[in-house]
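Working notes, structure below.
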2 protein chains.
Amino acid sequence: MNRRTGKESKESILEAAIKVFSEKGYSQTTVREVAKEAGISVGGVYIYFKNKEDLYATLLNYLLKDFSDRTKETVKDMSGPADALYAVIAMNLKYARRYKGIIIAEGRDRGFKSCLDVKKRFFKKQRRLIEDIIKTGTASGKFKECNVKTAARVIIGILRGFVFSLLIDSTALYSAEDCSNIILNGLLRRKE
Amino acid sequence: MNRRTGKESKESILEAAIKVFSEKGYSQTTVREVAKEAGISVGGVYIYFKNKEDLYATLLNYLLKDFSDRTKETVKDMSGPADALYAVIAMNLKYARRYKGIIIAEGRDRGFKSCLDVKKRFFKKQRRLIEDIIKTGTASGKFKECNVKTAARVIIGILRGFVFSLLIDSTALYSAEDCSNIILNGLLRRKE
DNA sequence: TGTTCACATGAACACAAGTTCATGTATGCC
DNA sequence: GGCATACATGAACTTGTGTTCATGTGAACA
């Protein structure tokens, strides 16, 4: 019989972990369930990962890096700051749908500082990206003058809120268009 | 010696629970810790609450109702829709800071539907409130025409995002002013 | 066929945390 | 005091779940 190589097994476990953690978040996910999903025994997981936290951290690093790279790539192709901002928002909402359970902050305390740091660094990177877009926007006169840092923080907050909304009520959602429309234009009527 | 009455004890437990759950969320909070904080034994908690979930549900109902009422009260005193919206945002951010761990969605599955429903209903009520404000705004000509329902959803999302931001990085926050400013005015420069 | 190596297994262990319950103690009433 | 009632205790039980480890198995090669 053809047995899986170690590398294949490790990848199976990672894939399974992404699936289960995405759905259930950290605490609610059991190693047994990941193992089952990956078609391996409980002990098998521990051949490739030191422990549950290691598994989570590996997966987090992988996903966030992948996401970061793709976003950067997408933004590069955009012509104006409004389009770029829209692209970032669309990208975020898309990933949020797929990996909701992972983004949410869980497992604070108990040595999880490593994971929190990874997330923090990720969000910082995202914020810088958004700040750059806003700067370009104001420089070209398309965006109004504003506190770039704060605006970027609010936008990051908006994107995080979408994940949260997914977890609570996946029917009451909104599209990237709606979202970027409000961020760009606001609610107040413009003087003509 | 003067012993606490049952009612007093129950209230102590609820207060303690609010404190601990707010900081740690559902999974990370232990009944023992709540008991200790309330100055009662583990068993004592079970005199007044059926179990941990019951404790959480009670507290959730209490807090959300309190918050709902206060928000409504505050909004009533506001003169225009922009002010009203600002008030809602400020109220949300203030409560988020205090009770962050509680709002976050945890303990899905396993019969937690009751709690999720409470949260859903709460958010629905909040959304209606915001929808009304937006409607008033457009009716008076101060807000532009827009899809009221969607706009309200996005705003709720923004507010949720703030809670989330608190959990991940409580230094990278923003004020209610910044937030309402973006929502009202948007980023794009207005034609003059 | 025997040997070795890489990979896999799942029962068993450890420990944390929710829950129960037999027992204890204060208070008020007769 | 004796009794009843209300309230409180915390050891012990139960369960879920992370983790370990002695043992097993397939593949490749001599």
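No value in this document is a laboratory result; all are computed from the given coordinates. Given the structure is predicted, the values throughout are model-derived calculations rather than measurements. Note: ideal-geometry Cβ built from the backbone for every residue, glycine included; neighbour counts use all protein chains shown.
Given a Förster radius of 51 Å and the C-beta distance between A:Asp66 and B:Arg3 as r, what FRET efficiency does 1/(1 + (r/R0)^6) yield to the nearest 0.05? Once rounded, the FRET efficiency stands at 0.25.
Spin-label model, A:Glu15 to A:Glu177: label points 7 Å out along the Cα-to-beta-carbon direction sit 3.5 nm apart. Expressed in units of 2.2 N^0.38 Å, where N is the residue count, the Cα radius of gyration of segment A:1-49 is 1.10. Separation of segment A:69-93 from segment B:27-71 is 44 Å, based on Cα centroids. Largest GNM mean-square fluctuation across B:Ser165, B:Ser79, B:Ser41, computed for chain B with C-alpha springs under 10 Å, falls on B:Ser79. Specify the residue with the greatest mean-square fluctuation among B:Ile130, B:Ile182, B:Ile158, computed from a Gaussian network of chain B linking alpha-carbon atoms under 10 Å apart. Maximum fluctuation in the GNM of chain B, among the listed residues, is at B:Ile182. Given R0 = 25 Å, the distance between the Cβ atoms of B:Asp132 and A:Lys144 translates into a calculated FRET efficiency of 0.30.
Report the far tail of the P(r) of chain B, meaning the percent of Cα-Cα pairs longer than 30 Å. In whole percent, the long-distance tail amounts to 31. A simple spin-label model places pseudo-atoms 7 Å from Cα toward Cβ; at A:Lys125 and B:Asp54 they are separated by 4.8 nm.
Solvent-free Debye calculation, one equal scatterer per alpha-carbon of the protein assembly as shown: log10 I(q)/I(0) at 0.08, 0.10 Å⁻¹ equals -0.47, -0.71. Take A:Ile47, push a point 7 Å out from Cα through the beta-carbon direction, and compare it with the same point in every other copy: 5.5 nm, smallest first. Taking Cβ atoms as reference points and 14 Å as the exclusive limit, the residues near A:Val42 contribute a net charge of +1, counting Lys and Arg as +1 and Asp and Glu as -1. Charge tally around B:Ser22: other residues with Cβ under 12 Å, Lys/Arg +1 each, Asp/Glu -1 each, net +2. Comparing A:Val148, A:Val20, A:Val88, which has the greatest mean-square fluctuation in the GNM of chain A with Cα pairs linked when under 10 Å apart? Between A:Val148, A:Val20, A:Val88, it is A:Val148 that shows the largest mean-square fluctuation. With neighbours defined as other Cβ atoms within 10 Å of a residue's Cβ, the residues B:Thr171, A:Thr138 order from fewest to most as B:Thr171, A:Thr138. Computed from phi, the 3J(HN,Hα) profile of segment B:124-141 under the Karplus parametrisation 6.51, -1.76, 1.60 (θ = phi - 60°) reads 5, 4, 4, 5, 4, 4, 5, 4, 4, 4, 4, 4, 4, x, 5, 4, 7, x Hz, with x in place of Gly and Pro.
Between copies, the label points of B:Ser175, set 7 Å from Cα on the Cα→Cβ line, lie 3.6 nm apart, reported in increasing order to one decimal in nanometres.
Under the simplified labelling scheme, the A:Ser41-A:Asp83 pair shows an inter-label distance of 5.6 nm, with each label point 7 Å from Cα along Cα→Cβ.
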